[in-house]
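Peer 1: Please find one structure pasted underneath; my questions will follow.
The values are calculated or read from the model by the stated rules, or taken from the named source; none is laboratory data. These numbers come from a predicted model, not from an experiment. All Cβ positions, even for glycine, are placed from backbone atoms using ideal geometry, and neighbour counts span all protein chains on display. Side chains included, ligands, DNA and RNA excluded: accessible areas come from the protein's heavy atoms. Shrake-Rupley method; radii C 1.70, N 1.55, O 1.52, S 1.80 Å.
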Amino acid sequence: MLDFTYNIPTKIHFGKDALDFVGEEVKKYSDKVLITYGGGSIKKNGVYDKVISELKNSGVEIFELSGIEPNPRIDSVREGVKIIKENNIGAILAVGGGSTIDASKFMAAGACADFDPWEFISKGKPMSPAIPLLSVLTMAATGSEMDNGGVITNPQTKEKLSSGHEDTRPKVSFLNPEITYSVSKFQTACGSSDILSHIFESYFNVDDSMFMLDRIMESLMKTVIKYGPIAMKDPKNYEARANLMWASSWAINDFIANSAKASWTVHPIEHELSAFYDITHGLGLAILTPRWMEYVLSEKTVHKFYDLGVNVFDIDKNLEQMEVAKKAIEKTKEFFFESLGLDSNLRKINIDDEYFEQMSKKACGKNGKINGFVELKPEDVKKIYQMCLED
């Protein structure tokens, strides 16, 4: 089960001078670029001016699309595709966090398609070919700057679903940890939750794992657990921001996932929360993850929780396996709800059980189940949602 193909072709410029390379890298792909970004924070922290300056100095013609929302909408994708086609634009530069980069992946593929971009989701059409995508990362969370997948929301159908292709993996990404200094405490906490969840999705694996990759995943977890709270308390701590930013990329760029064959579990369950209630993704993951852990813990799965407890949370290895496992889950709760200070249940963010039945079925998809670490059917997912109503 450990056969795989390794190929992560994204070029990374990392550090305080990362944005110095924007113009020359974009110019390699096109003389015209569409810059995509969100609510305008990049105009307050100097990132926008720096990007524009570098592009102009390289002779690149600039077009813009702003206002890309958290939990990005398909309407933004449609608008981006329209601008690209009308102006014969050859590349996209996404300047933002995961939402902006994800939406831009769908735009990159939509630019080469003769159909509505929602059909990448609704009809499963391949996101290939695609025009080149580059990204300037402004927040450590989703890892979109170095992976090929993206998540998009359709408010009309209350769907939040993912797709991707090697053609939509960014060609080049620019990572300057200083840019993330202005990220709020809440978003830093949610970003840390998202990174940790990405690692969990590969770590909790039904098949035999590769020892080396498991130990790397545990190191990545320890990095997030150490530096997430530090970045919240000291937003301009370069060491903390740099470690979170690089851990974010390696949590989901396919490297650690090469030994994992099981489907992701907590993410599709959370996507329904985001689709129905438009909550911050990392917050939903934080609330769901410990309940999922409690639900799937058994004599069959306890070994993985034991490893988590001993190797990540430094729990006494001589304790009985199940005791270590339960302590590990408590430590996970402590990290999310005490160290990061995130809300600990759904009622605290005004979510009740009204849509749980519908959400549970949608989370399990067309096959009616999630083939993850432990197989879950809609009735299982509903129980996990219900567990999230109380502390």
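Peer 1: Summing Lys, Arg as +1 and Asp, Glu as -1, what charge do residues with Cβ under 12 Å from the Cβ of SER259 carry, SER259 excluded?
Peer 2: Here the count lands on -3.
Peer 1: Under 13 Å from the Cβ of LEU137, count the other residues' Cβ atoms, weight Lys and Arg +1, Asp and Glu -1, and hand me the total.
Peer 2: -3
Peer 1: Ok, one more. For the chain, compute Rh as the Kirkwood radius over C-alpha pairs and then the Stokes-Einstein diffusion coefficient at 10 °C and 1.306 mPa s; write the answer in µm²/s, rounded to an integer.
Peer 2: In µm²/s, the coefficient is 75.
Peer 1: Continuing with this model, one more query. Name the trypsin sites (Lys or Arg not before Pro) in region 157-263 that are in a loop by DSSP and that have at most 12 other C-beta atoms within 10 Å, would you?
Peer 2: LYS236
Peer 1: Taking chymotrypsin sites (Phe, Trp or Tyr not before Pro) as exposed when DSSP calls them loop (any state but H, G, I, E, B) and at most 10 other Cβ atoms lie within 10 Å, what is the longest stretch of the chain free of them, the sites themselves excluded?
Peer 2: That would be 116-391.
Peer 1: Okay, moving on. Residues with beta-carbon under 9 Å from that of PHE337, excluding PHE337: net charge, scoring Lys, Arg +1 and Asp, Glu -1?
Peer 2: Once all neighbours under 9 Å are counted, the net charge is -3.
Peer 1: Write down the percent of antiparallel bridges among all DSSP beta bridges whose residues are both part of region 54-199, to the nearest 5.
Peer 2: Bridges in region 54-199 are about 40 percent antiparallel.
Peer 1: If you don't mind, another one. Show that you can apply the helix-only estimate: for the chain, add -39,500 (n - 2.57) for every DSSP H stretch of four or more residues, divide by all residues, and state [θ] at 222 nm to the nearest 500.
Peer 2: So the calculated ellipticity at 222 nm is -14000 deg cm²/dmol.
Peer 1: Once the dipole of the chain is set up with Lys and Arg at +1 and Asp and Glu at -1 on Cβ about the Cα centre, which of VAL22, ILE269, HIS303 lies farthest towards its positive end?
Peer 2: Comparing the listed Cα positions along the dipole, VAL22 ranks first.
Peer 1: Over 22 Å between C-alpha atoms is what I'm after, so list which of LYS333/LYS377; LYS32/LYS56; LYS185/LYS226; LYS50/LYS222 land there.
Peer 2: Too far apart for the 22 Å limit: LYS333/LYS377; LYS50/LYS222.
Peer 1: If the limit is 22 Å between Cα atoms, which of LYS236/LYS348; LYS105/LYS171; LYS160/LYS233; LYS44/LYS82; LYS123/LYS366 go over it?
Peer 2: Too far apart for the 22 Å limit: LYS236/LYS348; LYS160/LYS233; LYS44/LYS82.
Peer 1: Next question. Which of the GluC sites (Glu not before Pro) found in region 320-378 are loop residues per DSSP with 13 or fewer other Cβ atoms within 10 Å of their Cβ?
Peer 2: Answer in residue order: GLU320, GLU354.
Peer 1: Let me ask something else. From the protein chains alone at 1.4 Å, what is the descending order of accessible area for MET212, MET232, largest first?
Peer 2: MET212, MET232
Peer 1: Once you wrap a convex hull around the alpha carbon atoms of region 11-179, what is its projected area averaged over all directions, in nm²?
Peer 2: Taking a quarter of the hull surface, the average projection is 8.4 nm².
Peer 1: Can you give the Rg/Rh ratio of region 184-388, where Rg is from the C-alpha atoms and Rh is the Kirkwood radius?
Peer 2: That ratio is 0.95, to two decimals.
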